[in-house]
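Student: Next up is a structure, given as structure tokens.
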Amino acid sequence: MELGRLHDPVLVHDWHAVCLASELTDKPIGVKLLGERVVVFRNEHGVHALQDLCIHRGAMLSEGWLQDGTVVCPYHGWQYDGNGQCVCIPAQPKGERIPPRAKTSSYSCEEKYGFVWVCLGEPGDGVPHFEEFADPAYRPLPCGPYKVKAAGTRVIENFTDFAHLMFVHQNLLGHPDHAELPDIEVVKENGRIYIENVPIFQPVAHSGSDKREGTTYMYRKEVYRALGARLSKTDPSNGQTLWIMLSVTPVTANECLVFMMVSRNYGFDVDDANFIQFQNIVFEQDARVIETQKPELLPLDLQAELNHRVDRFSVAYRRWLRELGVVVGTI
Ligand code: FES
Ligand code: CO
């Protein structure tokens, strides 16, 4: 069943990645964001996002094609420009005026970090800025997107969680014999929450590292938006650092699309495909658990699940979502 637009006072005004910039070439692409069908396309002025609904008889524009910088409805050939204005009605006599009401909604759309971003409402700021993607010492690499049948909030909470590394990612990112976690303090400032200096023992070194095994990495994890988080992971002995930025797109309340950017300051001679494959494996391990969690929506009532001292960061995330007033993906 089509649900139509989901109302969320926070997420509607936020930027969400909807597809890889490299995918958007000579065809329009249909995506779903907060229950809304959106068509994205590219012309000589850049990328554009419109409601994926022809104003004439409600056909999907994303099923159409591109012509002269416009998206053409597949039903009767009406053409829409990047602002959603209809500029051609083939059935009407040439030279006749096109009614100004022949317009479909348009949304803010930008291309950044190799992704196409859309905001359905009024974006307060631009797409978030990450210094690691401007730093020439780092090599950015887009991974995903990964489709997950779960609330985006569940994915972010999992990203902030340390105690699962030794089990879900056993032998890759942690080991059960090194499961104990230090007491961590959550810092909240400048509209974000973070924790830092968390040591995690990893039985094998990350790909591209010159080390073989048994490295203790220092982690910093931050949630900078309701559905945006990032981490850095550093080997203190050599400064090799991996950044991961996760942007989760709420497709519906319990379905999301996860975009990931990985940036590293080492292993430039290692094939990018190795890094992508590693992230694919790790994410698949996470998704397998996340998709089984009940309730499907993240409970913001702190009595609803058993919170342990080590869950301080996820508790802070749940509190913060409540303060922000996020509705979609929460209960
Ligand atoms: Fe799109 Fe008629 S429904 S042109
Ligand atoms: Co994980």
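Student: Looking only at region 270-292, filter to residues that are assigned to a loop (DSSP other than H, G, I, E, B) and either without any contact (Cβ under 8 Å) to a residue 24 or more places away in the chain or assigned by TED's automatic domain parsing to the domain that holds ARG37 (or both); which one of those is nearest to ligand 1 (Cβ to nearest atom)?
Tutor: In the first step, residues of region 270-292 are kept if they are assigned to a loop (DSSP other than H, G, I, E, B); the result is 270-271, 291-292.
Filter once more, so that each one left must be either without any contact (Cβ under 8 Å) to a residue 24 or more places away in the chain or assigned by TED's automatic domain parsing to the domain that holds ARG37 (or both): 271, 292.
Details: ASP271: 45, THR292: 41 Å.
Within region 270-292, the match that is nearest to ligand 1 (Cβ to nearest atom) is THR292.
Student: Can you confirm whether VAL148 is more than 21 Å from ALA49 (Cβ to Cβ) and in contact (Cβ under 8 Å) with a residue 60 or more places away in the chain? It would help to see each step written out before you state the result.
Tutor: On the way: more than 21 Å from ALA49 (Cβ to Cβ): yes; in contact (Cβ under 8 Å) with a residue 60 or more places away in the chain: yes.
When the stated conditions are applied, VAL148 passes them.
Student: So which residues in region 250-260 are out of contact with any helix residue (DSSP H, G or I) (no Cβ under 7 Å at 6 or more places or on another chain) and surrounded by 21 or more Cβ atoms within 10 Å (Cβ to Cβ), if there are any at all?
Tutor: Of region 250-260, the ones out of contact with any helix residue (DSSP H, G or I) (no Cβ under 7 Å at 6 or more places or on another chain) are 251-255, 257, 259.
Residues satisfying the conditions are VAL251, ALA253, LEU257, PHE259.
Student: Taking the residues in region 50-74 that are in contact with a strand residue (DSSP E or B) (Cβ under 7 Å, 6 or more places away or on another chain) and in contact (Cβ under 8 Å) with a residue 40 or more places away in the chain as candidates, determine which candidate is farthest from ligand 1 (Cβ to nearest atom). Give the steps one after another, and end with the answer.
Tutor: The initial filter retains those residues of region 50-74 that are in contact with a strand residue (DSSP E or B) (Cβ under 7 Å, 6 or more places away or on another chain), namely 50-53, 55, 60-62, 64-67, 69-72.
From what is left, the residues that are in contact (Cβ under 8 Å) with a residue 40 or more places away in the chain are 50-51, 53, 55, 61, 66, 71.
On the way: LEU50: 12, GLN51: 12, LEU53: 9, ILE55: 8, LEU61: 8, LEU66: 15, VAL71: 10 Å.
The selected residue is LEU66.
Student: So, of the residues in region 62-109 that are among the acidic types (Asp, Glu) and within 28 Å of the chain's Cα centre (by Cα), which turns out to be surrounded by the fewest Cβ atoms within 10 Å (Cβ to Cβ)?
Tutor: Looking at residues that are among the acidic types (Asp, Glu) and within 28 Å of the chain's Cα centre (by Cα), I get GLU63.
Student: Go over the candidates TYR146, TYR113, TYR138 one by one and state the one that is within 16 Å of ligand 2 (Cβ to nearest atom) and closer than 25 Å to LEU20 by Cβ. Before the answer, list the steps.
Tutor: Working: TYR113 fails: within 16 Å of ligand 2 (Cβ to nearest atom); TYR138 fails: within 16 Å of ligand 2 (Cβ to nearest atom).
Unique residue meeting the criteria: TYR146.
Student: Please specify each residue of region 300-331 satisfying the condition of being small (Gly, Ala, Ser), part of a loop (DSSP other than H, G, I, E, B) and either over 30 Å from ARG5 (Cα atoms) or in contact with a strand residue (DSSP E or B) (Cβ under 7 Å, 6 or more places away or on another chain) (or both). First the steps, then the outcome.
Tutor: Quick first cut of region 300-331, residues small (Gly, Ala, Ser) only: 304, 314, 316, 325, 329.
Now narrow it down to the ones that are part of a loop (DSSP other than H, G, I, E, B): 304, 325, 329.
Hit for region 300-331 is GLY329, nothing else.
Student: Now for a separate question. Run down GLY95, GLY82, GLY121, GLY126 and say which single residue is in contact with a helix residue (DSSP H, G or I) (Cβ under 6 Å, 6 or more places away or on another chain), assigned to a loop (DSSP other than H, G, I, E, B) and either at negative phi or away from ligand 1 (no atom under 16 Å from the Cβ) (or both).
Tutor: Working: GLY95 fails: in contact with a helix residue (DSSP H, G or I) (Cβ under 6 Å, 6 or more places away or on another chain); GLY82 fails: in contact with a helix residue (DSSP H, G or I) (Cβ under 6 Å, 6 or more places away or on another chain); GLY126 fails: in contact with a helix residue (DSSP H, G or I) (Cβ under 6 Å, 6 or more places away or on another chain).
Of GLY95, GLY82, GLY121, GLY126, the one residue that is in contact with a helix residue (DSSP H, G or I) (Cβ under 6 Å, 6 or more places away or on another chain), assigned to a loop (DSSP other than H, G, I, E, B) and either at negative phi or away from ligand 1 (no atom under 16 Å from the Cβ) (or both) is GLY121.
Student: Residue by residue through region 38-60, note down the ones that are in a loop (DSSP other than H, G, I, E, B) and in contact with a His (Cβ under 9 Å, 6 or more places away or on another chain). Explain how you work it out, then say what you get.
Tutor: Filtering region 38-60 for residues in a loop (DSSP other than H, G, I, E, B) gives 44-45, 52-60.
Answer for region 38-60, where residues must be in a loop (DSSP other than H, G, I, E, B) and in contact with a His (Cβ under 9 Å, 6 or more places away or on another chain): CYS54, HIS56, ARG57, ALA59.
Student: With the structure loaded, tell me whether LEU34 is surrounded by fewer than 18 Cβ atoms within 10 Å (Cβ to Cβ), of a type in the set (A, V, I, L, M) and under 30 Å from the mean Cα position of the chain (by Cα) or whether it fails that test.
Tutor: Working: surrounded by fewer than 18 Cβ atoms within 10 Å (Cβ to Cβ): no; of a type in the set (A, V, I, L, M): yes; under 30 Å from the mean Cα position of the chain (by Cα): yes.
So LEU34 fails the test.
Student: Sticking with this structure for a sec: So VAL87 passes all but one of these: (1) touching a residue at least 40 places away in the same chain (Cβ under 8 Å); (2) under 24 Å from GLY46 (Cβ atoms); (3) not in a loop (DSSP other than H, G, I, E, B). Which condition number does it fail?
Tutor: Evaluating VAL87 over (1) touching a residue at least 40 places away in the same chain (Cβ under 8 Å); (2) under 24 Å from GLY46 (Cβ atoms); (3) not in a loop (DSSP other than H, G, I, E, B) leaves (1) as the failure.
Student: For region 15-25, name all the residues that are in a loop (DSSP other than H, G, I, E, B) and touching a strand residue (DSSP E or B) at 6+ places or on another chain (Cβ under 6 Å). Walk me through it before giving the result.
Tutor: Pass one, region 15-25, residues in a loop (DSSP other than H, G, I, E, B): 15, 24-25.
Residues satisfying the conditions are TRP15, LEU24.
The values are calculated or read from the model by the stated rules, or taken from the named source; none is laboratory data. As the structure is a prediction and not an experimental result, all values here were calculated from the model. With ideal geometry, Cβ positions are generated from the backbone for all residues, glycine too; neighbour counts draw on all protein chains shown.
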